[in-house]
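Report on one structure; see the data block that follows.
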Amino acid sequence: MMQLPCTSHDTFPTILCSLAEKEAQAGGQNMATLSPLTPRSIFCVTDHAYRDRAVADEVRTGRFTHVGMTCDLGVEPDWLSVDLPEDKEWRIEWSKFYYGLNLGHAFRETGDPTYLQTWERLVWSWMKQVPPDHDRSDVIGRRLQNWVYAWNVFAAAPAFPGLTAGLTDQLLTSISDQVWHLRAHLTPERNHRTLELYALFITAVALPNLKEAPALLDFAIAELHGNLLTDVLSDGVHRESSTHYHLIALRTYLAARENARRFDLHFPPGYDAHLTRACEFALHCHRPDGAIPALSDSDTGSYTDLLALAATLLSRPDFLYVATAGEDGTPPTRRYVSFPQGGYFTQRSGWGTRTTPFRQERFLIFDCGPLGDGGHGHYDLLNVEIAAGGRPLVVDPGRYTYSDADGNWRRWFKGTAAHNTVCVDGLDQTPYQRGKPKGPLAQGRLLRRASAPGFDLLEGEATSPAYDAIHQRHVAFIGDEYWVIADHLHANQPHRYDLRFHLTPDAWERTTIDEQEQTVIVRAPGLTLVFPAIGGVTIEPGWVAPQYGTKLPAPVVSIAVDNSVDMDFFTLVFPCAEQDPVPTFDARQDTSSPTHPVTFVEVRGVGPQQAYRDIIAWSPTATRLTLGPLHCHATAGWLRESLAGKSVSFRLCDATHLKWTSRARSLVWTSARPQRSIWWHDTTGLIEGKEEPLQ
């Protein structure tokens with residue numbers, strides 16, 4: 001960690017100032033009724049995350065660590081003039097006072113008064129030096145929230161003697177000054193507004209003796225409701241299209257709902273229904289290992305505590321099931337789930353209800369939608385993240401930093417090459433901006449989804465203002481076991497196409513390439529990637545940032561082809577143990593009919609004991625498909641047979657006709673209209689189907 005020696009200029013006795021001075025600074029707008037009170041006992045949704053004794057002990061000595069850097073500032077810092085790290089996020093985090101909760105819990109557990117004294121000196125020094133309107137509105141909101149939270153924890157401790165004489169009135173005055181300024185300068189929209197409104201809400205709930213607390217509470221409730229309806233799209237995804245910021249906003253909405261329940265407050269009709277949709281996306285975007293993918297300015301991490309809270313508030317046992325990794329509650333019913341407005345699509349092998357344990361299930365999330373409002377969107381159209389066997393395998397590297405300094409890591413992590421998609425000519429899909437984009441944006445859209453039990457096919461398209469190439473990606477999830485990814489690029493002039501897969505830090509220096517005559521095999525812990533031998537496959541050094549300010553080395557698999565107008569990439573993504581045999585893989589696209597191009601895939605050595613062969617085919621529209629002995633008219637199909645040639649199952653999507661000849665019998669089936677999904681397995685001998693796809 002970076003060590004920055006910093007100095008402090010104030011001492012504790014000089015920090016006291018009179019109430020009259022504070023009232024004068026407030027310009028006659030002070031809202032506080034000053035009395036020796038403590039906050040009402042409120043629900044703190046982040047309480048469990050800030051109980052680190054080591055952090056409290058460091059802060060007690062005046063040492064603060066944020067975004068991977070440590071500064072020695074003292075417990076009465078020079079808040080406005082001290083030399084701080086170049087990344088402005090450091091000062092922002094420092095000024096939010098999250099460490100107050102760590103100090104509060106250390107005091108509650110030990111009774112050691114120095115933890116309380118440290119918090120008092122930090123707060124008092126801040127109030128003396130920093131005007132209430134100095135920071136951005138979102139920073140003021142977080143500080144208000146954390147002051148109230150920490151004060152609540154200290155006051156609940158058995159050893160709490162009350163605050164130092166004069167501090168209660170001083171603190172109430174400062175809180176009311178900041179509330180007054182925040183109320184008048186709320187961010188107009190999105191997640192900053194959400195947290196600011198919550199700060200007003202929680203302050204009014206915890207400190208009802210503030211003169212305008214009732215009016216402030218009514219305002220905050222109404223505006224939080226409106227903000228929820230505005231910021232969470234109809235499919236449940238937050239408008240910024242970031243998994244991390246979705247969960248941060250959801251945490252705020254759930255915390256408000258739980259505190260309302262405890263104090264018999266009520267949000268307007270519709271709040272719970274919209275909140276439920278946001279929770280459903282949170283449920284489905286969690287990987288089986290309990291963490292979220294780091295999509296668009298995200299850190300990874302687990303938010304299953306929010307699902308547990310939502311399960312109680314919204315009476316949803318499926319939320320509890322995922323929160324407890326299948327130990328309690330009821331399993332969800334959907335495995336292939338679409339969030340079309342937010343642009344996310346998930347595939348999951350199961351919920352731990354069959355032979356595979358919950359955390360070992362297979363999972364993929366496909367990013368095929370808008371860049372997202374604001375400046376958090378990464379240039380990652382058609383990006384995927386994949387997990388299996390209890391761990392992530394192919395990952396989004398995350399965000400790392402918001403700073404352009406120090407080699408401009410911001411650009412690296414935000415750029416197209418830092419994602420699991422195809423990079424054209426080394427360019428970003430959308431021209432780089434550190435924050436909000438300017439000018440034309442890359443566009444992504446889902447072309448279709450075709451599903452049947454144990455088979456799911458996603459087809460998306462990306463176009464860019466930076467180049468003429470059109471990128472189409474098909475992601476086929478076969479037998480709830482493995483994936484075939486087909487990338488088709490079409491342009492009017494030659495380009496350099498670079499297909500990239502970012503692996504985990506666990507795969508660093510443990511990834512190998514085996515070039516064979518027909519295929520190239522890349523092996524990493526828990527994963528095998530197989531490619532037809534069409535271009536140079538290399539391993540590049542890359543990075544993964546599990547949290548802001550921390551980056552870990554990780555390998556990047558790159559398949560680059562130069563000077564090509566059109567290009568087809570095929571990838572077999574096969575989760576497996578290191579000692580497992582590698583399936584053989586063959587794939588091609590038949591473009592003899594321009595209006596009905598057909599992709600054919602054959603994978604041998606799959607299924608139980610690797611004793612089966614899969615034949616998969618799909619086309620943009622219904623056409624004739626040949627899957628070994630199965631001839632049909634459909635948009636997509638999958639046939640599994642033993643290596644000896646015995647058919648054991650098939651799946652078809654949008655089918656109207658099939659002719660199938662097995663060793664035992666022949667079958668002809670015709671429908672007057674396309675059936676969204678039909679399937680057969682030799683254990684039943686019946687063709688089954690549904691008008692709607694199985695999800």
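The values are calculated or read from the model by the stated rules, or taken from the named source; none is laboratory data. No experiment lies behind these values; they were computed from the predicted model shown. Heads up, the Cβs are rebuilt from the backbone with ideal geometry, glycines too, and the neighbour counts pull from every protein chain shown.
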**OP:** From the list V395, V384, pick out the single residue that is crowded, with 24+ Cβ neighbours inside 10 Å, among the aliphatic types (A, V, I, L, M) and under 29 Å from E93 (Cα atoms).
**Re:** V395
**OP:** Tell me, please, whether a residue that is buried (at least 21 other Cβ atoms within 10 Å of the Cβ) and in contact (Cβ under 8 Å) with a residue 40 or more places away in the chain can be found in the range 258-270.
**Re:** no
Original post:
Q609 fails exactly one of the following numbered conditions: (1) of a type in the set (S, T, N, Q); (2) at pLDDT below 95; (3) surrounded by 16 or more Cβ atoms within 10 Å (Cβ to Cβ). What is the number of that condition?
Top reply: (3)
Original post:
If you check P188, P208, P214, which single one turns out to be over 26 Å from R239 (Cα atoms), free of Cβ contacts under 8 Å to residues at least 12 places away in the same chain and not hydrophobic (A, V, I, L, M, F, W, C)?
Top reply: P214
Subject >> Evaluation of E240 against (1) surrounded by fewer than 23 Cβ atoms within 10 Å (Cβ to Cβ); (2) acidic (D, E); (3) in contact (Cβ under 8 Å) with a residue 60 or more places away in the chain; (4) outside any helix (DSSP H, G or I) (one fails), failing number >> reply: (1)
**OP:** Can you tell me which residue among Q178, Q170 is buried (at least 21 other Cβ atoms within 10 Å of the Cβ), at pLDDT below 95, of a type outside the set (S, T, Y) and farther than 30 Å from G270 by Cβ?
**Re:** Q170
**OP:** Tell me which residues, restricted to the range 271-293, are out of contact with any helix residue (DSSP H, G or I) (no Cβ under 7 Å at 6 or more places or on another chain) and not aliphatic (A, V, I, L, M).
**Re:** R277, E280, H284, R287
Original post:
Looking at Y379, Y336, Y402, Y344, which is the one that is in contact (Cβ under 8 Å) with a residue 60 or more places away in the chain, touching an Asp or Glu at 6+ places or on another chain (Cβ under 7 Å) and more than 25 Å from V475 (Cβ to Cβ)?
Top reply: Y402
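Which one of A56, A106 is of a type in the set (G, A, S), touching a His at 6+ places or on another chain (Cβ under 8 Å) and assigned to a helix (DSSP H, G or I)?
A56
Return a yes/no flag: does the range 217-225 have any residue that is over 30 Å from F345 (Cβ atoms), more than 30 Å from the chain's Cα centre (by Cα), crowded, with 18+ Cβ neighbours inside 10 Å and not acidic (D, E). Quick ask: steps written out before the conclusion?
Of all residues in the range 217-225, those over 30 Å from F345 (Cβ atoms) come to 217-223.
Within this subset, residues satisfying the condition of being more than 30 Å from the chain's Cα centre (by Cα) are 217-219.
Those still in the list that are crowded, with 18+ Cβ neighbours inside 10 Å too: 217.
Those still in the list that are not acidic (D, E) too: 217.
For the range 217-225, residues over 30 Å from F345 (Cβ atoms), more than 30 Å from the chain's Cα centre (by Cα), crowded, with 18+ Cβ neighbours inside 10 Å and not acidic (D, E): present.
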Original post:
Given the conditions (1) crowded, with 20+ Cβ neighbours inside 10 Å; (2) more than 34 Å from the chain's Cα centre (by Cα), and given that K128 satisfies all but one, which numbered condition is not satisfied?
Top reply: (1)
Original post:
So which residues in the range 409-437 are touching a Ser or Thr at 6+ places or on another chain (Cβ under 9 Å) and either assigned to a strand (DSSP E or B) or of a type in the set (S, T, N, Q) (or both), if there are any at all?
Top reply: T416, V422, C423, V424, Q429, T430
Original post:
Residues in the range 277-286: is at least one surrounded by fewer than 20 Cβ atoms within 10 Å (Cβ to Cβ), within 25 Å of R449 (Cα to Cα) and at pLDDT 95 or above?
Top reply: yes
**OP:** Examine the range 64-76 for a residue that is modelled with pLDDT under 95, in a loop (DSSP other than H, G, I, E, B), buried (at least 19 other Cβ atoms within 10 Å of the Cβ) and among the acidic types (D, E), and state whether such a residue exists.
**Re:** no
Subject >> Single residue of the range 295-333 satisfying the filter (of a type in the set (V, I, T) and buried (at least 18 other Cβ atoms within 10 Å of the Cβ)) that is farthest from the chain's Cα centre (by Cα) >> reply: V322
**OP:** Counting only residues that are closer than 27 Å to R411 by Cβ, give me the strands (runs of 3 or more DSSP E) lying completely in the range 482-584 with at least 3 of them.
**Re:** 482-490, 495-502, 536-547, 550-564, 567-575
Subject >> Which numbered condition Q518 misses (of (1) of a type in the set (S, T, N, Q); (2) in contact (Cβ under 8 Å) with a residue 60 or more places away in the chain; (3) out of contact with any Pro (no Cβ under 9 Å at 6 or more places or on another chain)) >> reply: (3)
**OP:** Inspect the range 345-358 for any residue being of a type in the set (S, T, N, Q), closer than 19 Å to H286 by Cβ and not in a loop (DSSP other than H, G, I, E, B) and give the result as yes or no.
**Re:** yes
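Residue-by-condition table, conditions (1) farther than 24 Å from E109 by Cβ; (2) assigned to a helix (DSSP H, G or I):
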position: V153; (1), (2): no, yes
position: P161; (1), (2): no, no
position: T168; (1), (2): no, yes
position: L172; (1), (2): yes, yes
position: L182; (1), (2): yes, yes
position: E196; (1), (2): yes, yes
Original post:
Cβ-Cβ below 9 Å, separation at least six or inter-chain, first residue in the range 569-580 and more than 14 Å from R391 (Cβ to Cβ), second surrounded by 13 or more Cβ atoms within 10 Å (Cβ to Cβ) and among the polar types (S, T, N, Q): which pairs?
Top reply: F570/Q589; F570/T599; L572/T519; L572/T528; V573/T528; F574/T528; D580/T528; D580/Q610
Subject >> the range 630-688, subset aromatic (F, W, Y) and over 39 Å from the mean Cα position of the chain (by Cα), residue surrounded by the fewest Cβ atoms within 10 Å (Cβ to Cβ) >> reply: W669
Original post:
Here are some residues: R108, R121. Which one is over 24 Å from D297 (Cβ atoms), over 25 Å from the mean Cα position of the chain (by Cα), of a type in the set (K, R) and buried (at least 20 other Cβ atoms within 10 Å of the Cβ)?
Top reply: R121
**OP:** With the checklist (1) charged (D, E, K, R); (2) under 30 Å from E89 (Cα atoms); (3) free of Cβ contacts under 8 Å to residues at least 60 places away in the same chain; (4) buried (at least 16 other Cβ atoms within 10 Å of the Cβ) in hand, flag the one item R523 doesn't pass.
**Re:** (2)
Original post:
modelled with pLDDT of 95 or more, in contact with an Asp or Glu (Cβ under 8 Å, 6 or more places away or on another chain) and surrounded by fewer than 24 Cβ atoms within 10 Å (Cβ to Cβ), is that true of R434?
Top reply: no
Original post:
In the range 196-216, what count of residues is obtained for those that are buried (at least 24 other Cβ atoms within 10 Å of the Cβ) and more than 15 Å from I42 (Cβ to Cβ)?
Top reply: 2
